[in-house]
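Here's the structure we're looking at; comments come further down.
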Amino acid sequence: MTGVLPDFSAPTVTLQVNGVVYYYVMTKETNDNAKVYVRNVDTVNGGYIFEEVDDWSGLPSNSIQKNFRFTGIPGEQWGQGSITVEGDGTVTDPSMTYSYRMDIAEDSLICINPLSNPSCPGFLDAVYKYLNSITEINADNDLYEYWLELQEEKGVKNESENLVVLEESNDELQTLLMTDPSVGGLVDLKQQNNTFKELSNITLINPYYDVEFDSNEYSDKYEIEDEQLPDNNRALRQLARSAKYYSMVRSQYDREELTGE
């Protein structure tokens, strides 16, 4: 029964119902006839796996609670439960409580929490759900590597979301390039080409060989008044020192050739 009994669909899990407790409030006139049926459908054999009838005929309004014990009926047989009234009367505040025994194999018991073992079904889904609920994790944690992978995936996703790609067909692009916003329509290509052609025929710069210079004669602005330039005494002294140095070096080589020293 969905929402009443726990999930026992795994092959290594078994469940047996061993009791039912129900409660409700009956509202009616004392002399009216009414019956209340408390049932559970038998999903295996048909009919009802549990049925109890409360006869309220000739009784005043009141509440009722009953408790039933069984010798372990398989959970697969327990279908939808119901509390219905036959006759004049109204049921309010109904409730049905089931007691059961669940047997779980050791492997399935470990995997009740998928985070407990990487071999458990749904381990990765449980890991990412857990990591998405926290902002930081210690490097010593066993799930730290999964956390790093998750952060990397988030970074890639954010980059892809921030990347905007505009795709236009050639015809659309040409139309956009031909549109002049200032006139609110398309440019007349024929008129535009004629304008470009006229502009190309206008000589904007004169070639250098067409420039004419006047034939006037320009005289020197500066003249040297002295007829003879004075000697550069500094240069002469430098030459004299160089000649003396050369003579000293030469005499050294000449002595070595004569004496052999």
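Taking the Cβ-Cβ separation of Glu86 and Thr30 as r and a Förster radius of 22 Å, what is the calculated FRET efficiency to the nearest 0.05?
0.80
How much accessible surface area, in Å² rounded to 10, belongs to the heavy atoms of Glu136 with a 1.4 Å probe?
Spelled out: Glu136, probe radius 1.4 Å, area about 150 Å².
Report Phe68's accessible area, 1.4 Å probe, all protein chains in place, as a number in Å² to the nearest 10.
For Phe68, the solvent-accessible surface is approximately 50 Å².
So what J values fall out for segment 56-65 if you push phi through Karplus, 6.51 cos²θ - 1.76 cosθ + 1.60 with θ = phi - 60°, rounded to Hz, Gly and Pro as x?
Karplus values, whole Hz, x for Gly and Pro: 9, 5, x, 10, x, 4, 5, 10, 8, 9.
Residue by residue through segment 4-19, what is 3J(HN,Hα) from phi via Karplus (6.51 cos²θ - 1.76 cosθ + 1.60, θ = phi - 60°)? Round to whole Hz and write x for glycine and proline.
Per residue, the Karplus-derived 3J(HN,Hα) values read 10, 9, x, 6, 10, 7, 5, x, 9, 10, 10, 9, 10, 8, 10, x Hz.
Starting from the residue with the highest accessible area, list Ser219, Ser57 in decreasing order, probe 1.4 Å.
Ranked list, largest accessible area first: Ser219, Ser57.
Would you mind counting up the charge near Thr27? Only other residues with Cβ under 14 Å from its Cβ, with Lys and Arg at +1 and Asp and Glu at -1.
Around Thr27, the charge tally is -4.
Quick one: order Ile64, Ile104 from most to least accessible surface, probe 1.4 Å.
Final ranking, largest accessible area leading: Ile104, Ile64.
Could you give the dipole magnitude of segment 1-75 about its Cα centre, charging the beta-carbon of Lys and Arg +1 and that of Asp and Glu -1, in debye to the nearest 20?
Using Cβ point charges on Lys, Arg, Asp and Glu, segment 1-75 gives about 140 debye.
Sorting Val38, Val53 by accessible area (1.4 Å probe), largest first, what list results?
My answer, sorted largest first, is Val53, Val38.
Using modelled amide H (1.01 Å from N, peptide plane; none on Pro or chain starts), what sits under 5 Å from the amide H of Phe50, excluding residues fewer than 5 places away?
Excluding prolines and chain starts, which carry no amide H, the hits are Asn40.
The values are calculated or read from the model by the stated rules, or taken from the named source; none is laboratory data. Just so it is clear, the model here is predicted, and its values are computed rather than measured. Methodologically, a virtual Cβ is constructed for each residue, glycine included, from the backbone with ideal geometry; neighbour enumeration extends over all protein chains shown. To get the accessible areas, we keep the full protein, side chains included, count just its heavy atoms, and leave off ligands, DNA and RNA. Shrake-Rupley method; radii C 1.70, N 1.55, O 1.52, S 1.80 Å.
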